[in-house]
Amino acid sequence: MDRAIHAVLDEGLRMRGTQRDLFGVQGLAKHRRNVFGRAGAPCPRCTTPVSHQRIGARNTYWCASCQPLTSAPEVPAQSTLL
C-alpha cells in the first residue's frame, strides 16, 4: 500500500497536480480525480454515493465504503504566540 501511495503522489507531482500554478499553467492530473467534486454521484469503484464535507476552508470528498472512517491520530492543539 505504501508503494501505491508514493506512486500516485509521484505521478501527481510529475503532472503538476490538478489546479493552476502561480503562473496560471493548468496541471495535467485532472483525470485522476475519481471522486473530487462528485458529491452524491456513484463511486467509480463500488457505486456508493460519494460523500462531501467542508473542513475548514477546503472541500473533502470520499467514498464511505472504499474509504471507511478509522480512528484518526490525535492532533495536538495549536499553540498561540503571545
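The values are calculated or read from the model by the stated rules, or taken from the named source; none is laboratory data. Everything numeric here is computed off the predicted structure, so don't read it as measured data. So basically every Cβ, Gly included, is an ideal-geometry build from the backbone, and we count neighbours across all protein chains shown. Quick note on the areas: whole protein, heavy atoms, side chains included, nothing else; ligands and nucleic acids left out. Shrake-Rupley method; radii C 1.70, N 1.55, O 1.52, S 1.80 Å.
Report yes if Thr47 is at pLDDT below 80 and either open to solvent by less than 90 Å² (accessible area, probe 1.4 Å) or under 24 Å from Cys63 (Cα atoms) (or both), otherwise no. Considered against the rule, which asks whether it is at pLDDT below 80 and either open to solvent by less than 90 Å² (accessible area, probe 1.4 Å) or under 24 Å from Cys63 (Cα atoms) (or both), Thr47 comes out as no.
Looking only at the stretch 23-36, residues that are open to solvent by less than 50 Å² (accessible area, probe 1.4 Å) and over 20 Å from Asn59 (Cα atoms) come to 1 in all. Do we find that Arg20 is modelled with pLDDT under 85 and surrounded by 10 or more Cβ atoms within 10 Å (Cβ to Cβ) in this structure? Answer is yes for this residue. Residue count for the stretch 13-41, restricted to those that are more than 18 Å from Cys66 (Cβ to Cβ) and not in a loop (DSSP other than H, G, I, E, B): 6.
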